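The values are calculated or read from the model by the stated rules, or taken from the named source; none is laboratory data. Computed from a predicted structure; not experimentally measured. So basically every Cβ, Gly included, is an ideal-geometry build from the backbone, and we count neighbours across all protein chains shown.
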Amino acid sequence: MPNQKELNSEVDIRPVVVLQYLTLIHYRESVFNRIASDPRIDFTICCGKKSPYQKMRNFEPQPPLKIKWVKNFVVNITQMHFIVWQWGAIINLVRTRPNVLILLGADPHILSSFPLFFIAKILRVKVCWWSHATLAGQGFLGRWLRLFFYKHADGILAYDEVGRLRLEKAGVEPSTMTTIWNCLNDADYNLSANDRQVTENDCTIRVLYIGRLYRDKKMRLLIEAAAILKDRGVTFVVDIVGDGPELTATKEKSIALDLNDVIRFHGAKYDDELTQFLSKADIGVIPSWAGLSAIQYMASGIPVITEENRGINHPPEVSAIIEDETGAFFDFESAESLANTIEATYPKVKNLSNSCLKLVREQFTPEAVKEAIILGVLKVNAS
């Protein structure tokens, strides 16, 4: 019986590409739909319905996006760490035999990725990692494993130039790597500089935090910085949009420091409700590691302040934060430095806002990311 790749060759010459993904996570909807609609590849996602990410929303697929469902067996170790085995992924690979198989991250937590890698090699299927291109945070064995799989892959889709250069320095063949950046959904890019509801004569600094509240998000630094700003007589408000296990502790700290008049808690908000906060904020603050939320702020023209990268491992999106262009960094573990940085950034907000919008629309939109992914996949297929 002919496999899917052979059947495909009878009707067109597009490479068959299977993306082995965890779930249809909500912020991937626009880029996945764009890839599925592109005539250059025949694209299918093989994924599960159960998300290992607690409280993370999924989207419902619509044609032309093609899905092959598998079963995710998830063991949650903590709220942010898990182990996953995707039952049915190996059978799907053997039956489909695509031209290119894209695997997620060379991540030791996704156990089924590694037998998939070796079986794909046996079947002469090209293997590509979609990855943060990191080697940190896994210990010696984790670093060795990741580097082994990166070096023996046919391609790597890296989130940023820093990760790509990191792997090149570690000995990964440069020609196998493509920088694809990262993005949100189309609806997150609707704001322009003219849409922002910020009044020129309003001297109130409007600080915004969006995200889950975990201990490692270091919300205490933002609360302490707010107390410092209040003691200085600065006019400001802090809107905290999100929930999580540290919400109660964060509220209690705010009350203890007598900040009820300047810090407002709103819970989790999505879509149009979230846009209302984004349209009014001057500065987005990420007290700890800056991930995709940095792009969310910048897509709305909001410069981002985050902690300098010392002793923590920022996700690759931190490369979009450029000092005095799209944001700023405060000193590691210093609430006073955060307060100083908020004050120093506010007079520059208008210029920084325009720079944020320009950078995001050049590199971090669904269209730009789709194009980079497809070009990377076509390069792997031709190798």
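Descriptive notes on the structure:
This table checks each residue for (1) farther than 19 Å from A328 by Cβ; (2) out of contact with any His (no Cβ under 9 Å at 6 or more places or on another chain).
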position	(1), (2)
I263	yes, yes
A268	yes, yes
G291	no, no
M298	no, yes
P303	no, yes
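- In the condition set (1) part of a strand (DSSP E or B); (2) in contact with a helix residue (DSSP H, G or I) (Cβ under 7 Å, 6 or more places away or on another chain), S30 is compliant with all but (1).
- Residue satisfying all of: in region 118-148; assigned to a helix (DSSP H, G or I) and either buried (at least 21 other Cβ atoms within 10 Å of the Cβ) or among the β-branched types (V, I, T) (or both); modelled with the lowest pLDDT among these: R146
- Looking across region 337-383, the residues that are free of Cβ contacts under 8 Å to residues at least 40 places away in the same chain and closer than 30 Å to I13 by Cα come down to E371, A382.
- Region 33-55 - residue that is of a type in the set (S, T, Y) and assigned to a loop (DSSP other than H, G, I, E, B) and, of those, modelled with the lowest pLDDT: Y53
- Under the condition of being surrounded by fewer than 18 Cβ atoms within 10 Å (Cβ to Cβ) and assigned to a helix (DSSP H, G or I), the residues counted in region 205-227 number 3.
- Within region 238-254, residues that are under 23 Å from T275 (Cα atoms) and touching a residue at least 12 places away in the same chain (Cβ under 8 Å) have Cβ atoms under 8 Å from residues that are in a helix (DSSP H, G or I) and of a type in the set (G, A, S) in these pairs: V238/A226, counting only partners at least 6 apart in sequence or on another chain.
- For the condition more than 30 Å from E246 (Cβ to Cβ) and of a type in the set (A, V, I, L, M), V94 qualifies.
- Some residue of region 311-319 being modelled with pLDDT of 95 or more and out of contact with any Pro (no Cβ under 8 Å at 6 or more places or on another chain): no
- Residues in region 71-116 that are in contact (Cβ under 8 Å) with a residue 24 or more places away in the chain, in a loop (DSSP other than H, G, I, E, B) and loosely packed, with under 14 Cβ neighbours inside 10 Å: M80, H81.
- Qualifying residue in region 182-204 (condition: small (G, A, S) and either at pLDDT 95 or above or assigned to a helix (DSSP H, G or I) (or both)): yes
Conditions tested, residue by residue: (1) of a type in the set (G, A, S); (2) part of a helix (DSSP H, G or I); (3) not assigned by TED's automatic domain parsing to the domain that holds I302.
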position: H314; (1), (2), (3): no, no, no
position: E317; (1), (2), (3): no, yes, no
position: F329; (1), (2), (3): no, no, no
position: A344; (1), (2), (3): yes, yes, no
position: G376; (1), (2), (3): yes, yes, yes
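- Close Cβ contacts (under 8 Å, 6 or more residues apart or on different chains) running from residues in region 151-166 that are over 16 Å from A372 (Cβ atoms) to residues that are of a type in the set (S, T, N, Q) and assigned to a loop (DSSP other than H, G, I, E, B) comprise D154/S383; R166/T134.
- Among (1) surrounded by 18 or more Cβ atoms within 10 Å (Cβ to Cβ); (2) part of a helix (DSSP H, G or I); (3) at pLDDT below 95 - the single one S254 does not satisfy: (3)
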